[in-house]
Amino acid sequence: MKFSIQQHKIMAFIGFIVLVSVQCFLIYNTYKLKDDEFYSTEKNILKDAYRSSIRNDKIFPGGQAIIDRYLLWNMAKFDSLNKISKNRLISYSKLVMDSMILELKQKNSIDRLMYQLIRENQLDTSLTWASTIDVISLSFDGANYVPIFQRNGGTKGILNSGGPAQLNKQNEVTAITVSSPTAYSYAASFALHADTPYRTLHILKSMALPLAISLFSILVVVLIYYFTFRNWIQQKKLAELKSDFVNSITHELHTPLSAIIVANKSLQNERIIEDKNKILPLTAVIDRQSQRLKTLFGQVLDITVMNASSLQKETLIMEDLLEELLLDYRLQLTSNQVSISYTNDSKSSLVLLDKFWTTTMINNILDNGIKYNNSKLKEIKIHTKQAYEKLMLIISDNGIGISDKARRFIFDKFYRNTDGLQNNATNGLGLGLFYTKQCIDAHNWELEILSNETSGTFFIIRIPLEK
């Protein structure tokens, strides 16, 4: 099953998301584990010290006396109200609890106790704490309990200020429930919470190594995805280019070979052999097609050997070379729908170049201007002028132009762009502009291309002048 590039991108993206999700899940679980275990040693020390400090007491030293005074002294009234109406019990118990909690806040000694415990046990001085009363229930028969107060996560029931922003199981030091299985008693649940204000930062610091490894692994996978996908695209592109090249070269070689084979068979015909006038045109066909084959082979071989050291430079007058080149080029044109004009605004421009490579380069540009052209009259304009001690050779056409997408690939070996052509069967090996760029680079000239999809293409070549 073959997949498009877009489908491969989607699959790669999905794979990356799955990997990142797994990494995030592992990091989150690590964070939760660290969060659950955070300050576990300190909390155990604090738990033992706190429980020891309030043995035979409640919440803080002296807390039980306050609670007993409000609850036990009102127990008879609580019982009578409970027998009359639950609502009356709840209303009255609310008033009692409000007064009791207010006095517990005013007389609480938890801050003094905690400072002492932290100092004695050499704990983190940045700890903050909260003492809470969570549940109060009354028992009139020693077996059943009637709740009259539940904190339920609100601020009511917190007996001191400046504690942790959130009270939860992670920062709970201890939770104690005290009850007595006797009639006219009560059950009280209270807790102590302690935490550092920089809890999350401390946890993340303790996770620095696994976090760094996770981020590094994600980065490595991203780079592997990127380079693998880029190399795959390049390999796919190269395979397509090779396939196009094989198809193109097969087509290009087939035409002259077929002509040579036909001409050779014709020469074997006795009637043609007897007429010498018929032999010369056939030998001319064989000669032309043989030269064409030689040129095709030369184009394929030349791209591998052309460089600055292989050039055979000589000083020539560029205007004369262009006149000669255009004369030969016009003679081989078989269509009267091609117009080639030359405007010379320079005079006797002496330049140092390799005549063969330069002539072939210009021929390639002219060929492209004609092949990649949908106009009824294909116009090629050549213009030369001198500026800043350089000769500017400008070759323009009224063809289909070069799109932004194709501009990145036009100098690639074997690349042929047929987008926008009315007839996509354009012959060629895809070597013309590759060869042009190679020639310009070997001569150390400058090339600028101006093009869009409506006004054709301008090739501007800047060539240093010889003094």
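The values are calculated or read from the model by the stated rules, or taken from the named source; none is laboratory data. Note that the structure is a prediction, hence the values are computed from the model and not measured. Here the Cβ positions follow ideal geometry from the backbone for every residue, glycine too, while neighbour counts run over all protein chains shown. Just so you know, the surface numbers come from the protein's heavy atoms only, side chains and all, with ligands and any DNA or RNA stripped out. Shrake-Rupley method; radii C 1.70, N 1.55, O 1.52, S 1.80 Å.
Kindly provide the set of residues from region 135-153 that are open to solvent by 80 Å² or more (accessible area, probe 1.4 Å) and part of a strand (DSSP E or B), ordered by number. Answer for region 135-153, where residues must be open to solvent by 80 Å² or more (accessible area, probe 1.4 Å) and part of a strand (DSSP E or B): just Gln150.
The set of residues in region 43-69 being crowded, with 18+ Cβ neighbours inside 10 Å and under 21 Å from Lys105 (Cα atoms) consists of Tyr50, Ile54, Lys58, Ile59, Phe60, Gly63, Ile66, Ile67. None of Ser179, Ser217 is under 30 Å from Phe140 (Cα atoms) and modelled with pLDDT of 80 or more except Ser179. Among all positions in region 316-325, there is no residue which is surrounded by 12 or more Cβ atoms within 10 Å (Cβ to Cβ) and modelled with pLDDT under 80. Kindly indicate whether Glu103 is in contact (Cβ under 8 Å) with a residue 60 or more places away in the chain and part of a helix (DSSP H, G or I). No. Of all the numbered requirements in (1) assigned to a loop (DSSP other than H, G, I, E, B); (2) open to solvent by less than 60 Å² (accessible area, probe 1.4 Å); (3) touching a Pro at 6+ places or on another chain (Cβ under 8 Å); (4) of a type in the set (A, V, I, L, M), Leu167 misses one, and that requirement is (3). Of all residues in region 27-61, those that are within 21 Å of Glu172 (Cβ to Cβ), touching a residue at least 24 places away in the same chain (Cβ under 8 Å) and in a helix (DSSP H, G or I) total 13.
The residues listed here are Val338, Val351; of these, the one that is of a type outside the set (Gly, Ala, Ser) and buried (at least 20 other Cβ atoms within 10 Å of the Cβ) is Val351. Screening Ser80 with (1) in a helix (DSSP H, G or I); (2) within 17 Å of Ala187 (Cβ to Cβ); (3) among the hydroxyl-bearing types (Ser, Thr, Tyr) gives one miss only, at (2). Within region 1-26, residues that are on the phi > 0 side of the Ramachandran plot reach no partner that is modelled with pLDDT of 80 or more with beta carbons closer than 7 Å at six or more positions or on different chains. When Ile400 is tested against (1) open to solvent by less than 50 Å² (accessible area, probe 1.4 Å); (2) under 22 Å from Glu323 (Cα atoms), just one condition goes unmet, and that condition is (2).
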